[in-house]
Amino acid sequence: MEANAAPAIEYTVRRSERARRVRVTVDSIRGVEVVLPRRAAEREAAAAVRELRPWIERRVHDLARVKAAIAARGDTVPYLEETLRVIPEPGRTRVHRRGAELLVPAGDDHAALERWYRRAARTEIAPRLDRACAVTQTRYRSLTIRGQRTRWASCSRDGAMSFNWRLLLAPSPVLDYVVWHEVCHLQVMDHSPRFWALLARHCPDYRERARWLRRHGGTLFL
């Protein structure tokens, strides 16, 4: 190996019956993973990693930044504009908020915290949806709280709304922007100029809020 050669990127290979092409993913759980179609040659994984090396290195760097940001919270978690201190309590089975503190089950704080955030998300989002629909004179059919890794919200053609509970880890204006985005889809389902004009009418600084979400969305994890 030459002295100035770049270090090899470690990766794992997973074969998929459903995969139709080689796919490379990078996340905090599996690291760098190459998904190969069942009949693809093993060498195609190495070729894909070489070709995508700059992108992989950026993703690894971004994940390290996200991990550092989450670790910097210590024993606290964000909740819209607030910072709540997490206090484990032996014998507790559900998370309970007491002022600026969250009392959580000892040894199971992550799973219990997520359940609490999911319940709180419905409480925070439902009235926002109702107010926005009242302004626009529209109606939604249902509200579902989910935990997607790649989508913040969605609106179906029949008015079924879905929102990611992790939006509660962002500032309130960001949550408000996502609500308005989906409510505007009740009138315009695509992202045409008409849609963006409608969104700008109800949320004039939506671009700034969307930029925040693109830049910091990767840190919205417990």
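The values are calculated or read from the model by the stated rules, or taken from the named source; none is laboratory data. Everything quoted here is computed from the prediction, not taken from an experiment. All Cβ positions, glycine included, derive from the backbone under ideal geometry; neighbour counts span all protein chains shown. Remember, those area values only see protein heavy atoms, side chains included, never the ligands or the DNA or RNA. Shrake-Rupley method; radii C 1.70, N 1.55, O 1.52, S 1.80 Å.
Looking at the structure I just gave you, is Val26 at pLDDT 90 or above and in a strand (DSSP E or B)?
Spelling it out, it is not the case that Val26 is at pLDDT 90 or above and in a strand (DSSP E or B).
For (1) touching a residue at least 60 places away in the same chain (Cβ under 8 Å); (2) under 30 Å from Thr25 (Cα atoms); (3) out of contact with any Asp or Glu (no Cβ under 6 Å at 6 or more places or on another chain), each residue gets a yes or a no:
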residue: Lys67; (1), (2), (3): no, yes, yes
residue: Glu81; (1), (2), (3): yes, no, yes
residue: Pro88; (1), (2), (3): no, no, no
residue: Arg97; (1), (2), (3): no, no, yes
residue: Glu101; (1), (2), (3): no, no, yes
residue: Asp108; (1), (2), (3): no, yes, yes
residue: Ala112; (1), (2), (3): no, yes, yes
residue: Arg115; (1), (2), (3): no, yes, yes
residue: Pro127; (1), (2), (3): no, no, yes
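Any residue in the stretch 75-92 that is of a type outside the set (Lys, Arg), open to solvent by 90 Å² or more (accessible area, probe 1.4 Å), modelled with pLDDT of 90 or more and assigned to a helix (DSSP H, G or I)?
So far as the stretch 75-92 goes, no, none of its residues is of a type outside the set (Lys, Arg), open to solvent by 90 Å² or more (accessible area, probe 1.4 Å), modelled with pLDDT of 90 or more and assigned to a helix (DSSP H, G or I).
Any idea which of (1) surrounded by 11 or more Cβ atoms within 10 Å (Cβ to Cβ); (2) in a helix (DSSP H, G or I) is the one Val34 doesn't satisfy?
Every condition holds for Val34 apart from (2).
For the structure I just gave you, tell me whether Val49 is over 30 Å from Val104 (Cα atoms) and either in contact with an Asp or Glu (Cβ under 8 Å, 6 or more places away or on another chain) or in contact (Cβ under 8 Å) with a residue 24 or more places away in the chain (or both).
Working: over 30 Å from Val104 (Cα atoms): yes; either in contact with an Asp or Glu (Cβ under 8 Å, 6 or more places away or on another chain) or in contact (Cβ under 8 Å) with a residue 24 or more places away in the chain (or both): yes.
The answer is yes for Val49.
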